[in-house]
Amino acid sequence: MQMILGPTSGDLDDDAVAAAYPWPEEGPWVRAMMVTTLDGAAAGPDGTSDSISSSVDKAVFDAVRRFADAVVVGAGTIRAEGYGAMRAKPADVGRRTAAGQAAAPVIAIVSGSLDLPWESELFTGSTQRPVVLTGSGAPTSARDTASQHCDLVVAPEERVTPSFVVDTLVARGLRRIVCEGGPSLLERFVAEGRLDEADITVSPVFAGLTERAGGAQDAVRHFDLAHVIHAEGFLMNRYLAPGGGR
Ligand SMILES: NC(=O)c1ccc[n+]([C@@H]2O[C@H](COP(=O)([O-])OP(=O)(O)OC[C@H]3O[C@@H](n4cnc5c(N)ncnc54)[C@H](OP(=O)(O)O)[C@@H]3O)[C@@H](O)[C@H]2O)c1
């Protein structure tokens, strides 16, 4: 049993954080990056994970995807979160290319409907042309539109399987894969045994889980981490209400 007392504070060193999330030297590797609240929500009252995240969580999020080849995201997340252009920081481009990687990760979106924000920066401003993976049931007109904005890959089955996603990306030389959710897509990766690593942040807030309209919470409620006990793979966190707890 390991006990870590007291929260870490201050800025994280980006390179040290990235080093804590190494990629294997070879072969495909799929890691999930998600943040969850104390009440198990994946999004706050604003419907995005932004309100349940923080600057340190975002630093880890950036570090986890920094030297990835591909970032896999479900269409629900793209619609909810408004992803910006997929680019690498200028300082990382040289290191990536020296390692034989493309200048920036490719965004790979899984969508059945192909109802995606084609005019957004993600599609117009990313370093690499986005890849969209869809099922065989996607309407022809939607496929025609999608093909103008991305590399469209149609799976042989009605739904896209995680294995199809991984095999498609690996065939393109993209073996370091981050799955950024959301929960529906992640569940499928886990169910199919295609997840190698789970990088999960527990955010010290309650988000409220009831329907947003008429829900009891209109904002997240923050608690303070008092300690973490680490045993048998479980993290037993003690949180106190702001002000100290009685
Ligand atoms: N806490 C976090 O770290 C985190 C991370 C990501 C997202 N989120 C939050 O999670 C919420 C969205 O969650 P979600 O579970 O609805 O989103 P999701 O998993 O990103 O997207 C679900 C959508 O992805 C497509 N999809 C998923 N599996 C598919 C398959 N096998 N074949 C074809 N298409 C497939 C479908 O798109 P179509 O509808 O286009 O067919 C489906 O409606 C948002 O509130 C977001 O902010 C939180």
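Listed values, structure above:
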| item | result |
| --- | --- |
| Whole-Hz ³J(HN,Hα) from phi, Karplus 6.51 cos²θ - 1.76 cosθ + 1.60, for region 107-124, glycine and proline x | 7, 10, 9, 9, 8, x, 7, 6, 8, 10, x, 4, 8, 6, 4, 4, 8, 8 |
| Per residue, in Å², the accessible surface of the chain once ligands and nucleic acids are set aside, probe 1.4 Å | 53 Å² |
| Cut-off under 5 Å, modelled amide H: who pairs with L152 long-range | V132 |
| Packing-based ranking, highest mean first, of 194-201, 38-45 given that Cβ atoms within 10 Å are counted | 38-45, 194-201 |
| Cα point-scatterer Debye curve for region 1-127, base-10 log of I(q)/I(0) at q = 0.17 Å⁻¹ | -1.10 |
| Label-point separation, I229 to E157 (7 Å along Cα→Cβ), nm | 4.2 nm |
| Gyration tensor over alpha-carbon atoms, region 113-175, equivalent ellipsoid semi-axes in Å | 19, 17, 8 |
| Full-extension gain in nm, Y239 to R79, via 0.36 nm per residue minus C-alpha separation | 54.3 nm |
| Packing-based order for 145-151, 232-238, using average beta carbon neighbours within 10 Å, highest first | 145-151, 232-238 |
| Per-residue HN-Hα couplings for region 62-73 [Karplus 6.51, -1.76, 1.60; θ = phi - 60°; Hz; x = Gly/Pro] | 5, 5, 5, 9, 4, 10, 6, 8, 9, 10, 9, 9 |
| Under the Karplus curve 6.51 cos²θ - 1.76 cosθ + 1.60, θ = phi - 60°, whole-Hz ³J(HN,Hα) for region 28-44, x wherever Gly or Pro sits | x, 8, 10, 10, 9, 10, 9, 10, 10, 8, 4, 9, x, 8, 9, 8, x |
| For the chain, size of Cβ-based charge dipole, Lys and Arg +1, Asp and Glu -1, in debye | 140 debye |
| Inverse mean reciprocal Cα-Cα distance (Kirkwood Rh) of the chain, Å | 19.5 Å |
| Selection from L195, W23, V220 lying farthest towards where the dipole of the chain points positive, charges on Cβ | W23 |
| Relative contact order of region 26-219, pairs being alpha-carbon contacts under 8 Å that are 6 or more residues apart, as % | 36 percent |
| Among 107-113, 88-94, the order from most to least packed when residues are scored by Cβ within 10 Å on average | 107-113, 88-94 |
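The values are calculated or read from the model by the stated rules, or taken from the named source; none is laboratory data. This one's a predicted model, so the numbers in the text were calculated from it and none came from an experiment. Backbone-built Cβ (ideal geometry, glycine too); neighbour counts: all protein chains shown. Accessible surface areas use protein heavy atoms only, side chains included; no ligands, DNA or RNA. Shrake-Rupley method; radii C 1.70, N 1.55, O 1.52, S 1.80 Å.
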